Each structure stands twice: as C-alpha cells, then as structure tokens.
C-alpha cells in the first residue's frame, strides 16, 4: 500500500502510483523522460554514424569493383591480342555492366543522401523536444550549450556545421562520380555498337 507524499503546490497529494491530472509534468517523471529522450537522441546519432559508415563502405566497394571490372574485362583482353571481334564483345559487355552498376551505385548514393536528410530532421526535432522539456527543469544544460556555441562562432558549432555539410556532400560526390562513369561507359558502348 502506498503512502501519500507531501502535499504538492497544487493542493493534491501525489503518490508514485497516482496520476495528477492537474500537473502532468511531475518533476521526477519529467527528469526521467528528459534522461530517456537525451539517451534516445544519442542513440539516433550513433545509428546515423553507423549508416554513414555502411553507405561509405558500399559505395567505396562499388568503385573498387568497377575499377577491377574495367581492368579485367577491358584492359587485359586488349593486351592479350585476342581477335578484334572478341575484344569488342567483351568490351561492350563490360561497359554495359559498368554503366548499369554505376547507375545502381548512384541510386545507392541518392538513398544515402535521403537517409542523411531524414536523420538530420529527426535530430532537429529531438533537440527541440529536449529544449521544451528543459523549460520545466531547474537547469537547461542542453539549451545553454547550444546558446554558448552559437554565441562563440569560433567554437565547436562551426565544426559541427561543416561536418553536417560534408555529410551531405559526400553522397552527392559519389552520385556524381557514378553518374559520370555510367554516362561514359554507356557512350563508349554505344560507339562500339554503332
């Protein structure tokens, strides 16, 4: 059986099992919610970092595989003095695979960029919720940290903003590279066929 705690400022007796409808933000529950939400925001950041590593690894592997494909299917047969028709057929096949694979890798880069945008929007929403919760706490450390970084432009905020931009530019660069490779491979295959 629970015992009533000290009377609250609203004139109600709170217990650990009762819900105070007049004051839904009880300090102990608010602090627990705040701690939980900060932990969730931290986990989301770690998931975003893991997703970036995953996409960077996939696109890098794709670039290496395309390089090996070009070397193996185009450059090496040409150096073996095979019949011209065989070399042309191998080259067309390799260029077609290269163009198709590059388009797939460009699409993967676009998904990477969309994923980054989603994580950034989620992070901004989480920051806002944390700041709203802090309005009901005696100390607003997260908000004060953001304000301090914004008032001192030479500090970490600039670095974080630059890293966030780089996080978006990398997939765009990969997509541009793969689209260029696809266009070049498609053009070369078309020249050989035509």
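So which residues in the stretch 148-172 are over 14 Å from residue 103 (Cα atoms), at pLDDT 70 or above and either surrounded by fewer than 12 Cβ atoms within 10 Å (Cβ to Cβ) or under 15 Å from the mean Cα position of the chain (by Cα) (or both)? Correct list: 150, 151, 152, 162, 163, 164, 165, 166, 167, 168, 169, 170. Every test in (1) more than 26 Å from residue 47 (Cβ to Cβ); (2) modelled with pLDDT of 85 or more is passed by residue 128 save one, and that test is (1). Residue 113 - would you say it is surrounded by 13 or more Cβ atoms within 10 Å (Cβ to Cβ), at pLDDT 90 or above, under 28 Å from the mean Cα position of the chain (by Cα) and farther than 22 Å from residue 59 by Cα? The answer is no for residue 113.
The values are calculated or read from the model by the stated rules, or taken from the named source; none is laboratory data. What you see is a predicted model, and the numbers here were worked out from it, not measured in a lab. No Cβ is skipped: glycine too gets one built from the backbone with ideal geometry, and neighbour counts run over all protein chains shown.
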